[in-house]
1. Taking the simple approach of a point 7 Å from Cα along Cα-to-Cβ for both residue 217 and residue 18, what is their distance in nm?
2. Taking R0 as 51 Å, what's the FRET efficiency between residue 29 and residue 140 from their Cβ-Cβ distance, rounded to 0.05?
3. Estimate the FRET efficiency between residue 154 and residue 115 by the formula 1/(1 + (r/R0)^6), using the beta-carbon distance for r and 30 Å for R0, to the nearest 0.05.
4. Once you put a point 7 Å from the Cα of residue 308 and another 7 Å from the Cα of residue 256, both along the Cβ direction, what distance in nm separates them?
5. Using all alpha carbons of segment 221-312, what is the percent of pairwise distances in each 5 Å bin, ordered from the shortest bin to the longest?
6. Ratio of segment 155-259's C-alpha Rg to 2.2 N^0.38 Å, to two decimals?
7. With a bin width of 5 angstrom, please list the P(r) values of segment 70-182 as percents of all Cα-Cα pairs, from the 0 bin to the one holding the largest distance.
8. When ranked by the protection proxy of mean other Cβ atoms within 10 Å per residue, highest first, what sequence do the peptides 66-78, 191-203, 97-109 form?
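Read-outs: derived from the displayed coordinates by stated rules, not from any lab. Given the structure is predicted, the values throughout are model-derived calculations rather than measurements. All Cβ positions, glycine included, derive from the backbone under ideal geometry; neighbour counts span all protein chains shown.
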C-alpha cells in the first residue's frame, strides 16, 4: 500500500488499549509504510459507572460514540470486543474483519476457595452480566449475585477488597492482559454458555471504504468469522440486548459450524437450550434455526416477560 495512515478509535480502558495495540502492531507489520495511530474515545458506557447498564441501554453504550467518529471520518477503524457490538450496525458501517478468537470461556476468580463447588452457601458472586447471573443461579440458586461494574483491574480489586467471594469475567480479557494466573476455574462453554462473540474482536469500518477493507483483509480469520456470524445471527433473531440472558457459542469443526444457544429467566429457574450444525457457508441460517428452536421450546415467553417489564436492580448486562 502507498504511504498512508489508519486511525484506530477505541475506548480508553486498559483492556481496550491492549486490544487496539495488538491490532496496531499487526497492521504495522503487514503495511510497514503505513502510519497507524490510536485515538481514545470515551463512550457513554465508560461514563456511567454506578447504574446497571441494562437499565440505561445496554450493549450500544460501549460503541455508539466510536461509531459516530467512524461515520464522521475522524477515525478509520474501531476495535471492539465483539460481545459489546449490537446485532444490527448503523447504516454505512460494517465489521470489516474478525481476527482469530481468544478463549471464549467465562472464568471464575475466587477469593478463598479452590473451585465453584467449594464456595459456601450464600456466597456473594459479582458479575456485570444477566447471562452469567442467570446461569450461575441455575447451578447454585443459593448464591447471592451482586452487581459488579468497572474495568478488569477495578473488578479484580473489588474482589481482593472482600466485596465478593467470587467474580465471573471473560477469560479472553484476562489472557490478553497477561492475568490468566488469576483464574481459579474455567467454566465449560457447553454448560455455561458464553456471550455472543465473547473472546472475539470485531474491527468496524465504513462499508464503502475500499482502502481500509483491503488493509484489513489479512486480519480476518475465516473460522472465527463464521462462528461469530452464527452467534450474531442467533442474537439478531432473538432481538437480544443487554436486558436479556442470552448466550451463544459456535465453533468450526472442519467445514461445519456447531452452535449452541441459551435463553434463561433472570432468576435462572427456567433455562432453554438449543443447538445445531451446518456448513460454514450457512452460518447465518444456522443462527436463525437455533433461535427458532429456542423460541419454540419456551424461550419466547421469557423474552416477552423481560421486554414487558424492567429488569430488577440487581441485574446488569449480557
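1. 3.2 nm
2. 0.65
3. 0.75
4. 4.0 nm
5. Binned Cα distances yield the sequence 3, 17, 27, 21, 15, 10, 6, 2, 0.
6. Numbers: Rg = 16.8 Å, N = 105, 2.2 N^0.38 = 12.9 Å.
Taking the Cα Rg and dividing by 2.2 N^0.38 Å, one obtains 1.30.
7. Per 5 Å bin, starting at 0, the Cα pair percentages come out as 2, 10, 19, 20, 16, 12, 9, 6, 4, 2, 0.
8. Values: 66-78: 19.3, 191-203: 25.5, 97-109: 21.7.
Ranked from most to least packed, the peptides come out as 191-203, 97-109, 66-78.
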